[in-house]
Amino acid sequence: MSKPTSASSAWAAKQVFTTGEAAEICKVSQQTIIRCFDNGRLNGFRVPGSRFRRIPRGELLRFMKANDIPVDLLESGKKRILVVDDDKQIVELFIDVLSRDERFEVKTASNGYDAGLLTESFRPHLMLLDYMLPDINGNLVCERIKSNPDLKETHIIMVSGVVNQEEIDSLTRSGSDEFVKKPFNIEKLIGRIAEVLEV
């Protein structure tokens with residue numbers, strides 16, 4: 001019984017799949033996956049110089065949901081959290097505390113551009129987002145996430161040191177679930193994260 005667990009946990013971390021892996025996860029034949037790929041129902045890319053097809057995680061999830069295929073093999077059971085902050089100390093604190101908690105899987109980004117790329121591939125359940133990033137402010141990040149139908153379930157907790165009430169209200173309108181002022185109590189914040197994610 002241990003093999004499926006290790007396979008599913010490996011799949012939960014994997015970002016790109018072969019047609020054989022996709023077939024096994026979807027419980028269909030490899031030919032079915034190849035046919036869906038070739039007729040455009042399942043998007044991906046070909047390995048340059050070969051006939052091999054590869055399917056990105058986000059696209060496989062979209063395909064599975066569109067066809068009512070259970071996605072539990074791709075889900076590790078852990079809640080995915082993306083920390084977006086350019087303050088290295090804050091990032092290290094979150095990595096230290098959250099990665100020791102069995103309920104969470106954590107990735108980090110230090111600017112809005114990287115956060116956008118990671119959001120597409122990692123599909124976080126929750127984003128801990130600094131309001132003032134080097135390349136963009138938190139409002140825009142919130143609006144982009146909330147306007148993407150694939151990410152509408154993503155929760156956003158905004159974190160910042162210098163924000164007035166008017167800006168906080170604006171963040172809430174942009175789609176932020178909550179605002180936390182720096183410096184914060186890490187235990188209380190983890191408790192709040194657990195409440196938002198219902199874990």
At q = 0.16, 0.28, 0.31 Å⁻¹, base-10 log of I(q)/I(0) for the stretch 95-138 (Debye sum, equal scatterers on each alpha carbon): -0.45, -1.07, -1.17
Choice from 146, 78, 27 showing the highest fluctuation, given a GNM over the chain with Cα pairs closer than 10 Å: 27
Convex hull volume per residue in cubic angstrom - Cα atoms of the stretch 79-197: 91 Å³
Over the stretch 25-75, equivalent-ellipsoid semi-axes from the Cα gyration tensor in Å: 19, 12, 10
Given charges at beta-carbon only (K, R positive; D, E negative), |dipole| of the chain in Debye: 1060 debye
Identified option (computed volume of the Cα convex hull per residue in Å³; candidates [x] 116; [y] 279; [z] 143): [z]
Rounded to 5, the percent of DSSP beta bridges in the chain classed as antiparallel: 25 percent
DSSP-defined beta bridges in the stretch 128-194 - what % are antiparallel, rounded to 5: 10 percent
Net charge contributed by nearby residues that have their C-beta within less than 15 Å of residue 68 (K/R +1, D/E -1): +3
Proximal charge balance of residue 184 [Cβ under 14 Å; K/R count +1, D/E count -1]: -1
DSSP beta bridge pairing in the stretch 79-197, given as percent antiparallel to the nearest 5: 5 percent
Dipole axis of the chain (+1 Lys, Arg; -1 Asp, Glu on Cβ), positive-most option in 77, 116, 131: 77
Residue among 99, 174, 29 with the largest mean-square fluctuation in a Gaussian network model of the chain, springs linking Cα atoms under 10 Å: 29
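Rule-based calculations on the coordinates, nothing more; no lab input. Quantities reported herein were computed from a predicted structural model and do not represent experimental measurements. No Cβ is skipped: glycine too gets one built from the backbone with ideal geometry, and neighbour counts run over all protein chains shown.
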